[in-house]
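Accompanying notes for the structure given below.
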Amino acid sequence: MLRNQRLIIVSLVIAALWAGTANAVTAIGLGMESCGSWTEARRTRTSFGYEQWVVGFMSGVAGALNDNLFDGKDAQGVWGWVDSYCRAHPLEMLAVATAELINTIQPRTFTPLSRTGR
C-alpha cells in the first residue's frame, strides 16, 4: 500500500515536471492540508505524516530533476523553513509551502497555485 502511494506521488510529480520549466503545484494527500494544520500538528507533536509528506514530495521532485535538493540540509532544517512559511501563510496549502521551499533551492521549478488566492 505504501509503495503504491509513493508511486502515485512520484508519478504526479514527474507528470507535473514533464509539462514545462515552471509548473503548477499538483498534490494529493496531506499536501492539500492548510499550513495552519501543519503548524497545529507541529505544536502538538502529531506532525509525523505531514513531515514525511514534505520530504517525500521534495525527494520525488529531486529525483525527477536529478538534483540533490537536500544538499547541505537535514530534515529539521526543511521542517523549520516550512514552519516559518506556514506561520506567515496559515491558509496556504502545505504543497504550496513545499513548492516555495523548492523554489528557494532551485528557482523557477514551480509556479505555485494558491488555494487562498494570495
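Values in this text are rule-based calculations from the coordinates and carry no lab data. What you are looking at is a predicted structure, and each value in this text was computed from that prediction instead of being measured. As a convention, Cβ positions derive from the backbone with ideal geometry for all residues, glycine included, and neighbour counts pool all protein chains shown.
One table, with the values for the structure above:
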item	result
Segment 79-92 - phi-based ³J(HN,Hα) in whole Hz, Karplus 6.51/-1.76/1.60, Gly and Pro as x	5, x, 4, 5, 3, 4, 4, 5, 4, 7, 9, x, 8, 6
³J(HN,Hα) computed for each position of segment 70-76 - Karplus, 6.51 cos²θ - 1.76 cosθ + 1.60, integer Hz, glycine/proline x	8, 3, x, 10, 10, 4, 4
Paramagnetic reach from Arg87 (point 7 Å along Cα→Cβ, amide N under 19 Å) across segment 50-64	51
